[in-house]
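Trainee: Next up is a structure, given as structure tokens.
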Amino acid sequence: MRTLVAGPFVGEFGWEVMGWQGIIRAFSRRYDRTVVISRPEQAYLYRDFCDRFIGWSPGSYRTAGYECRDGRPYDGEAHAGFPGCAAFSVSNNREATRRLTGAPQEFIRFGGEVEPVGSFDIIVHARAIPEDGAAGKAARNWPAGHWHALVALLAREFRVAAIGLPGLAMVPEGATDCRHLPLDGQCALMHRARCTVGPSSGPMHLASLCGSPHVVWTEKDDGSSVRINVRRYATDWNPLGTPVSIITRGAWRPDIDTVLAEVRRRASQVRGPPVLVE
């Protein structure tokens, strides 16, 4: 029996969603059995094709691309149970660029087969990375006051829920806390919601694979290798063609009225091509 052991994946969630799990799904078709190693909370991403999932965490979320900058190293223990397996992993961003660029990916839509715990119109990912977390990423948090004000306005018209990891996302006043749900439960909420909203993050890329129209804000593209989010959300990392509004006006600090207007647009089930608000 030919066995593939993939991972562990220890990098950013967005890169796992759009630059890893689809590759492993496609790669698995060549093998009789596939074993995946990743952070315990990510098991759902591999459920449809993985024969065995092994949860392993480096103990840190200080990530950049495919790397975890200060986590504990993997000791190879999980691989020991599969002698003679085909091992596939990447240990740094340079290796990932060399081995994964152009690799075929197979994407699926998440959340539709999972029964949601409730019914919500708007899902927010209120990113709240701590100052001592990933270098520079705390600056991308939208101010808490902005979140509270936005949700107060949305709650007049819509049912609002908050998702994410408890240590990395906040719950704005007026939103139902759904951060405790496992990943499949959060995907179920996004799949059925009218709109998902938040700054650029892994969960916002996942919203695309849940078929959830979404409103996201980020820096304006300047052609560099690190600021290409507009193209990612519109096409490169939107394989299902999910409707999206991309706000670059104000970069990581868009005003509340701009975000509110785009959420209302998406919540009214406006389809069509991506909308860029700059």
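The values are calculated or read from the model by the stated rules, or taken from the named source; none is laboratory data. The model shown is predicted, which means the values in this text are computed figures rather than measured ones. With ideal geometry, Cβ positions are generated from the backbone for all residues, glycine too; neighbour counts draw on all protein chains shown. Ligands, DNA and RNA are excluded from the accessible area calculation, which covers all protein heavy atoms including side chains. Shrake-Rupley method; radii C 1.70, N 1.55, O 1.52, S 1.80 Å.
Trainee: For the range 200-212, indicate whether the set of residues that are at pLDDT 95 or above, more than 23 Å from Pro116 (Cα to Cα), assigned to a loop (DSSP other than H, G, I, E, B) and out of contact with any Leu (no Cβ under 7 Å at 6 or more places or on another chain) is non-empty.
Mentor: yes
Trainee: Those residues that are acidic (Asp, Glu) and either in contact (Cβ under 8 Å) with a residue 60 or more places away in the chain or assigned to a strand (DSSP E or B) (or both), I need them from the range 31-53; list them, please.
Mentor: Answer for the range 31-53, where residues must be acidic (Asp, Glu) and either in contact (Cβ under 8 Å) with a residue 60 or more places away in the chain or assigned to a strand (DSSP E or B) (or both): Glu41, Asp48.
Yes/no matrix, rows are residues, columns are (1) over 17 Å from Ala126 (Cα atoms); (2) at pLDDT below 95; (3) buried (at least 16 other Cβ atoms within 10 Å of the Cβ); (4) not aliphatic (A, V, I, L, M):
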residue: Ile228; (1), (2), (3), (4): yes, yes, yes, no
residue: Asp255; (1), (2), (3), (4): no, no, no, yes
residue: Thr258; (1), (2), (3), (4): no, no, yes, yes
residue: Arg266; (1), (2), (3), (4): yes, yes, yes, yes
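Trainee: For the range 85-115, give me each residue that is in contact with a Lys or Arg (Cβ under 9 Å, 6 or more places away or on another chain), touching a residue at least 40 places away in the same chain (Cβ under 8 Å) and assigned by the TED database to the domain that holds Val17.
Mentor: Residues satisfying the conditions are Cys85, Ala86, Phe88.
Trainee: Could you give me the residue pairs with C-beta distances under 8 Å whose first residue belongs to the range 253-278 and is under 15 Å from Thr242 (Cα atoms), whose second residue is among the hydroxyl-bearing types (Ser, Thr, Tyr) and open to solvent by 70 Å² or more (accessible area, probe 1.4 Å) wherever it lies, and which are 6+ apart or on separate chains?
Mentor: Sorted first by the residue in the range 253-278, then by its partner, the pairs are Pro274/Thr235.
Trainee: Let me ask another. For Gly185, all conditions in the list (1) part of a helix (DSSP H, G or I); (2) without any contact (Cβ under 8 Å) to a residue 40 or more places away in the chain; (3) not hydrophobic (A, V, I, L, M, F, W, C) hold save one; what is the number of the exception?
Mentor: Going through the list (1) part of a helix (DSSP H, G or I); (2) without any contact (Cβ under 8 Å) to a residue 40 or more places away in the chain; (3) not hydrophobic (A, V, I, L, M, F, W, C), Gly185 breaks only (2).
Trainee: Which one of these is modelled with pLDDT under 95, of a type outside the set (A, V, I, L, M) and part of a loop (DSSP other than H, G, I, E, B): Gly102, Gly164?
Mentor: Gly102 is the lone residue from the list that is modelled with pLDDT under 95, of a type outside the set (A, V, I, L, M) and part of a loop (DSSP other than H, G, I, E, B).
Trainee: Going by what's in this entry, would Tyr74 be described as among the hydroxyl-bearing types (Ser, Thr, Tyr) and open to solvent by less than 30 Å² (accessible area, probe 1.4 Å)?
Mentor: Answer is no for this residue.
Trainee: From His214, His180, which residue is more than 18 Å from Gly19 (Cβ to Cβ), surrounded by 20 or more Cβ atoms within 10 Å (Cβ to Cβ) and not β-branched (Val, Ile, Thr)?
Mentor: Of the residues listed, the single one that is more than 18 Å from Gly19 (Cβ to Cβ), surrounded by 20 or more Cβ atoms within 10 Å (Cβ to Cβ) and not β-branched (Val, Ile, Thr) is His214.
Trainee: Is it the case, given these coordinates, that Ile129 is in a strand (DSSP E or B), surrounded by 14 or more Cβ atoms within 10 Å (Cβ to Cβ) and touching a helix residue (DSSP H, G or I) at 6+ places or on another chain (Cβ under 6 Å)?
Mentor: For Ile129, the condition - in a strand (DSSP E or B), surrounded by 14 or more Cβ atoms within 10 Å (Cβ to Cβ) and touching a helix residue (DSSP H, G or I) at 6+ places or on another chain (Cβ under 6 Å) - is not met.
Trainee: Let me ask something else about it. State whether one or more residues within the range 11-32 are at pLDDT below 95 and over 27 Å from Cys210 (Cβ atoms).
Mentor: For the range 11-32, residues at pLDDT below 95 and over 27 Å from Cys210 (Cβ atoms): absent.
Trainee: Also, I was wondering about something else. Could you list all residues from the range 72-128 that are polar (S, T, N, Q) and touching a Gly at 6+ places or on another chain (Cβ under 8 Å)?
Mentor: Those that are polar (S, T, N, Q) and touching a Gly at 6+ places or on another chain (Cβ under 8 Å): Ser89, Asn93, Gln105.
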